[in-house]
Amino acid sequence: MSGPIHLRQGIQLPLAGGFTLPRFFFWKSLGAVILAVGIYATITRFWYGLGATTNLTDQTPWGIWVAFDVLCGVGLAAGGFTITAAVYLFGLKHLRPIARPAVLTAYLGYTLVSAGLIFDLGKPMNIWHPLVMWNPHSVMFEVAWCVMLYSTVLTLEFSPMLFEKLGWHKPAAVVKKLTIPLVLAGVLLSTMHQSSLGSVFLIMPTKLHPLWYSSMLPVFFFVSSIAVGLAMVIFESYLSYRFLGHRLKKDVLMSVARGGVVVLGVYLMLRIVDMLYRGVFPLLFEPGIEAPLFIAELVGGALIPMLLFANYRVRQSRKGLFFAATLVVLGFVLGRLNVALTGFEASSGESYFPSWQELSITLMLVVVGFMAFGLAAKHLPVFGSHKAH
Amino acid sequence: MSYALLYDGTECVQCGVCLTACKMMWDLPEEVDVDRLSENTLTTLEVHDGHPVRKMCMHCDEPACASVCPVGALEKTKEGPVNYHPDKCIGCRYCMMACPFSIPKYEWSSALPRVRKCVMCFDRVEKGKVPACTLPCKVGAMKFGDRDELLAEAKQRIRNNPDRYYDHIYGEKEAGGTGVLYIGAVAPEKLGLPMTVPTEPLPQFTWRVLEKLPGVVAVGASFCMGMWWLINRRDKIREEDLEAITTGRSTAETGHELEEVQS
């Protein structure tokens with residue numbers, strides 16, 4: 001295909017939201033560049049090993065692949081269990097239009113977490129070992145099993161979208177009969193591993209900075225995953241509206257935002273009470289990068305978006321909702337990076353910054369996530385009222 | 001019977017024969033930075049202000065590394081050494097994060113890396129032999145034996161020579177007790193031994209929370225099931241009620257259900 005034809009096709013694309021060709025073209029090109037660099041980095045990662053391609057060391061054995069690709073990836077996918085529980089268990093039926101986008105996000109999220117894990121593990125071909133080599137005392141073992149089981153649940157929850165597209169009505173009906181048990185299993189498995197990702201750090205009381213080390217870490221990880229799960233629903237609904245033209249009834253997202261106020265409020269109160277209880281407020285006035293990043297995580301990522309969500313005029317505006325949700329997502333990511341990376345700098349005596357390979361592979365996974373979501377949203381009955389009764 | 005090693009800093013003449021023996025035993029190349037544990041250096045001999053101290057895996061009684069390993073690649077053996085099974089290892093490096101002494105190192109330069117740390121020459125210990133580092137030590141700085149006996153001997157040495165020793169056995173209580181015990185002329189903090197390590201075994205920090213999980217799951221499951229039942233039933237009755245109103249038909253059963261809800 002020659003250039004001009006490609007360009008003309010681009011112009012003819014029915015773009016909603018008043019997008020002009022250059023901007024759409026810009027995002028596509030950026031995605032292509034990130035994918036190309038990511039694929040090159042992938043080859044070097046597996047050919048030369050972790051030492052040659054990452055900035056990981058004996059002092060910093062966990063980097064951005066653990067902190068972002070795994071810890072954030074699992075959290076950002078929490079909308080799946082949150083929204084399905086709200087709709088199917090707690091009877092908030094007006095949220096049904098966002099159940100499928102949330103399940104799709106979760107399904108893609110967990111798939112990408114597994115992909116990220118393959119990059120990070122020193123011996124990725126042994127990834128199946130927790131299936132047969134058991135250590136029930138290990139938090140990581142429990143997380144591995146929960147993630148495996150929940151990925152299966154999500155595959156089943158996602159499958160009707162595919163079945164309906166293919167016109168396979170019988171399997172779709174079978175899965176639909178299993179909805180309640182699947183949702184319940186999803187909630188329980190998610191409660192376990194979302195919190196256990198925080199429990200991972202409980203065994204490091206002397207290494208993790210006292211601003212973040214708390215025996216409440218599992219509770220914080222769980223509650224913040226619910227908050228970011230809700231924020232992600234608003235975030236991706238806005239993007240789907242801008243880029244794909246999917247329009248959601250405003251009151252659905254407003255209702256999610258109100259839920260966000262409650263969850264963020266509970267989260268903030270837990271964090272503050274925990275700080276008081278452990279007497280770590282004086283640490284906020286100590287020099288170093290820890291205090292500012294800690295404050296940014298809580299004020300920028302929880303307090304401000306909570307106040308925004310609580311404001312009726314912000315909830316009324318799509319852009320306002322999107323802005324507040326973006327703050328929650330960024331604050332959540334910062335919070336996880338703080339626990340897994342910033343919190344260890346003082347004790348390791350080493351400052352870590354990811355290598356270009358680590359960054360480009362992470363970016364590649366994010367781009368793959370966006371692309372897969374876009375493709376699914378375009379070709380599968382994700383939005384709209386397909387069988388939504 | 002759990003074997004342990006006793007290191008006596010007052011007897012050590014800093015000859016380094018233990019280091020050479022370890023390198024030979026494990027066929028490890030010499031490194032420039034000899035004072036730092038690495039994939040090629042499983043034990044070091046540090047000198048702080050003239051006072052020597054060996055650094056190596058502490059072989060904790062309740063090791064953090066073994067408790068966190070999802071596949072049991074690290075294992076506290078009944079003989080005492082904390083052994084490593086590279087064929088099980090998936091390379092998650094949780095052991096390196098969890099170790100309060102920051103002992104496990106990684107073969108970063110390998111495409112399929114292993115964790116490296118002192119395993120107290122488990123293959124030798126299993127056959128009743130002394131670890132390679134301890135065998136050539138002829139000055140009595142290293143002693144291998146039953147942990148309880150070594151502990152008693154360490155206490156005896158301190159009691160017999162109170163002027164010579166600082167009165168603390170590092171490893172007796174640290175991390176809940178370790179398989180390497182240190183005595184010497186100065187306080188352990190002056191030898192660079194980490195003093196923040198709690199005396200409670202580190203796996204307890206996780207277990208205290210993790211053991212509550214089955215309870216949380218049970219309560220959570222019944223709560224969710226209960227909510228589903230309540231709400232589903234309410235909706236169903238509302239529908240029946242609506243149907244009754246629209247069709248102008250009021251069956252005894254529907255009426256009964258409604259009464260139940262209102263009371």
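At 20 Å minimum axial length over the Cα atoms and a Kyte-Doolittle cut of -1.0, report the qualifying DSSP H helices in chain B, or say none. Length and hydropathy pass: B:213-247. Residues whose amide H lies under 5 Å from that of B:LEU74, counting only those 5 or more places away or on a different chain, are B:HIS85; hydrogens are built 1.01 Å from N in the peptide plane.
Name the shape class, rounded, prolate or oblate, that the alpha-carbon gyration tensor gives for chain A, where a ≥ b ≥ c are the square roots of its eigenvalues, rounded holds for a/c under 1.5, and otherwise prolate holds if a/b is larger than b/c and oblate otherwise.
Working: a/c = 1.38, a/b = 1.24, b/c = 1.11.
Verdict is rounded for chain A.
What percentage of all Cα-Cα pairs in the protein assembly as shown are separated by more than 37 Å? More than 37 Å apart: 45 percent of the Cα pairs in the protein assembly as shown.
Ignoring aspartates and glutamates fewer than eight residues from A:LYS177 along the same chain, the ones with Cα atoms less than 18 angstrom from its Cα are A:GLU157, A:GLU164.
Per-residue ellipticity at 222 nm computed for the protein assembly as shown from its helices equals -17000 deg cm²/dmol, with DSSP H segments shorter than 4 residues left out and the rest contributing -39,500 (n - 2.57). Between A:ARG278 and B:GLU11, the distance separating the two model label sites (each 7 Å from Cα on the Cα→Cβ line) works out to 4.3 nm. Whole-Hz Karplus values for the range A:336-350 come out as 5, 5, 4, 5, 8, 10, 3, x, 9, 5, 5, 6, 7, x, 9 Hz, taken residue by residue from phi with 6.51 cos²θ - 1.76 cosθ + 1.60 and θ = phi - 60°; glycine and proline positions read x.
Under 5 Å from the amide H of B:TYR106 lie the amide H atoms of B:GLU39, B:ARG116, each residue being 5 or more positions distant or on a separate chain, with H modelled from the backbone and absent for Pro and chain starts. Mean separation of Cα pairs under 8 Å and 6 or more residues apart, divided by the residue count, gives chain B a relative contact order of 23 percent. Structure remark: mean-square fluctuation, Gaussian network model of chain A, C-alpha springs under 10 Å; the largest value among A:ARG96, A:ARG318, A:ARG278 belongs to A:ARG278.
Measuring only protein heavy atoms, the 1.4 Å probe finds B:ARG208 accessible over about 100 Å².
Using heavy atoms of the protein chains and a probe of 1.4 Å, the accessible area assigned to B:ARG233 is about 70 Å². Going through the cross-link list A:LYS28/A:LYS319; A:LYS207/B:LYS105; B:LYS117/B:LYS190; B:LYS55/B:LYS117; B:LYS76/B:LYS212, which pairs have a Cα-Cα distance over 18 Å in this structure? Pairs exceeding the cut-off: A:LYS28/A:LYS319; B:LYS117/B:LYS190; B:LYS76/B:LYS212. Local charge for B:ALA111 was computed over the other residues whose Cβ lies under 15 Å away, with Lys and Arg +1 and Asp and Glu -1, and equals 0. Close amide H partners of B:LEU5, meaning residues 5 or more places away or on another chain with modelled amide H under 5 Å apart, are B:VAL180, B:LEU181.
The values are calculated or read from the model by the stated rules, or taken from the named source; none is laboratory data. Keep in mind that what you see is a predicted model, and the values were worked out from it rather than measured. No Cβ is skipped: glycine too gets one built from the backbone with ideal geometry, and neighbour counts run over all protein chains shown. These area figures cover heavy atoms from the full protein model, side chains too; ligands, DNA and RNA do not enter into them. Shrake-Rupley method; radii C 1.70, N 1.55, O 1.52, S 1.80 Å.
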